[in-house]
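The next block holds one structure in the form of structure tokens; read it before the comments.
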Amino acid sequence: MSQSLTEGAPKGVANTTDKGSAAPNAQRWWILAIIGIAQLMVVLDATIVNIALPSAQADLGFSDGNRQWIVTAYALAFASLLLLGGRIADLFGRKPAFLIGVAGFAGASVLGGAANGFEMLVIARALQGVFGALLAPAALSLLNTTFTDVREKARAFSVYGAIAGAGGAVGLLLGGLLTDALDWRWTLYVNLIFAVVAFVGGWMLLSNHRDAANSKIDVPGTVLVAGGLFSVVYGFSNAETHDWSSPQTWGFLIAGAVLLVAFTQWQTRAKHPLLPMRVLLDRDRGASFLTVLISGAGMFGVFLFLTYYLQLNLGFSPTKTGLAFMPMMAALMVAAQVSTTKLVPRFGPKIIIPLGFALGAVGMVWLTGIGVGSDFSTAVLPQLLVIGVGMGVIMPPAMQLATSGIGAEDAGVASATVNTMQQVGGSIGTALLSTLAASAATNYLSGRNASDKLVQAQSTIESYTTAFWWSAGFFAAGALITFLLYRPGVRAQDESAAPVVHM
């Protein structure tokens, strides 16, 4: 006999409402706080090390060519293992997956902070990615199964989506503060603070259930998707340091595409598929996955190149650079709350999410007006506010819709797919925009006096504005794609869509 239980409710207690749906967990808002802290730790680690990288390079003495591996090692492990991490959470329970992910991430951070050489730091970053791939989907699926009331779930996802969207900016600020005030190693050691709070809170507040306990790990599927995602991310990463004509770029991209096609075909025949096709084939859910992918690619045009512009052209310190992104984060968080609780429930995603992409595109086009001596308050700040509102309108509703209506046995792998899309989108965006920006700078210098400092400065402006134009193009494409894919009207708020736990 089965009864509905909220994930995180006291073990063995079948609290149900008159409708038979799961009763609200009395500690659900504390659980949201714990999940938010853990998610922030994972998201900000994608950018917090970037600002500290020059200091780490000077301290450990590694080359410019090896520098990218400090970032890439994390991205490769994280992206390629996310689906496996999500399935492990479904099979063995979200609580142990969450706690092991938090503890492992903290341990890898300590190892990286204590690194005495390049190899040790790269290994630590890869281990962070491994445990992050276990932690991130467990956190999102816990959120999806803890909140059963539709309106409360929308508010919870607005918070979670705001953290996912603004975590990169928080990482830039925190990285700058720690590097300026202490040492680059503290950009890694700081994770201990987040981890201790998340681990103790998770140990006390979460309960466990294996929603897919009767399934098994899909070993062939795991090998195919891990190899495919690794090859795709590695190929795009190589595009930053190699030419697109290099076999290390196109060879890995082709191999990744072949492996992912093989993975998709295998999932239709596997007895216990790693990623059941029912997770992908819902129209709104598929549109939401694409939304996360496109927004991940476009956002790197903001964080990466605007960081360079503020520091190298306007002379901002690392700390001041991080602070410059805070207004955007505030706008994102306000828009996240409004979009998930007011706009999408009233007008539906087909109207609201394309509108968010359109705002993002307008903000990016507006940013192309920067110059060598521009003023931050007029040439950057208003644009960041517009982009922040756009991202707040996009990310939280998309994350909620991507996991809405998912059965408890698939909650982990659906959550992992969301994180995979964001990570792969970021990797694609970084590679494409970096390559296009570098080509724009080279083309500008052609036929000009490259030793002239003013010419050099203007060439960097050309590279940044090129990246911003392409980011605007990503967002414009996102507006069109989501308008075409999302179903019209307001999605029915079905209480039965909240996943249940069977006893």
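The values are calculated or read from the model by the stated rules, or taken from the named source; none is laboratory data. Owing to the predicted nature of the structure, the values given are computational and were not obtained by experimental measurement. Glycine also receives a Cβ, built like all others from the backbone with ideal geometry; neighbour counts cover every protein chain displayed. Accessible surface areas use protein heavy atoms only, side chains included; no ligands, DNA or RNA. Shrake-Rupley method; radii C 1.70, N 1.55, O 1.52, S 1.80 Å.
General remarks:
- Among TYR308, TYR160, TYR189, the sequence by solvent-accessible area, most first, with a 1.4 Å probe is TYR308, TYR189, TYR160.
- Modelled label positions at ARG487 and THR268, each set 7 Å beyond Cα in the direction of Cβ, lie 2.3 nm from each other.
- Karplus (6.51, -1.76, 1.60) ³J(HN,Hα), θ = phi - 60°, over the stretch 327-337, in Hz, Gly and Pro reported as x: x, 4, 5, 5, 5, 4, 5, 5, 5, 4, 5
- Length added when fully stretched, LEU192-VAL261, from 0.36 nm per residue minus Cα-Cα: 20.9 nm
- Protein-only accessible surface order, largest first, of GLU119, GLU462, GLU152 at 1.4 Å: GLU119, GLU462, GLU152
- Two-site FRET efficiency, TRP250 against ARG151, from Cβ-Cβ distance with R₀ of 41 Å, rounded to 0.05: 0.25
- Measuring only protein heavy atoms, the 1.4 Å probe finds MET204 accessible over about 140 Å².
- For the residues SER463, SER317, a 1.4 Å probe over the protein chains yields an accessible-area ranking, largest first, of SER317, SER463.
- Using 0.36 nm per residue and subtracting the Cα-Cα separation, the extra length available between SER317 and ALA33 on full extension is 99.1 nm.
- Coupling constants for the stretch 93-98 follow from the phi torsions by the Karplus curve (6.51 cos²θ - 1.76 cosθ + 1.60, θ = phi - 60°), and in residue order they are x, 6, 5, x, 4, 5 Hz; glycine and proline get x.
- Solvent-accessible area of ARG185 with every protein chain in place, 1.4 Å probe, in Å² to the nearest 10: 50 Å²
- Vicinal HN-Hα couplings computed from phi for the stretch 219-227 (Karplus, 6.51 cos²θ - 1.76 cosθ + 1.60; Hz; Gly/Pro x): 5, x, x, 4, 5, 5, 6, 5, x
- Length released on extending from SER439 to LYS342, taking residue separation times 0.36 nm less the Cα-Cα span: 30.6 nm
- Between ASP452 and ASP375, the C-beta separation translates, for a Förster distance of 35 Å, into a calculated FRET efficiency of about 0.90.
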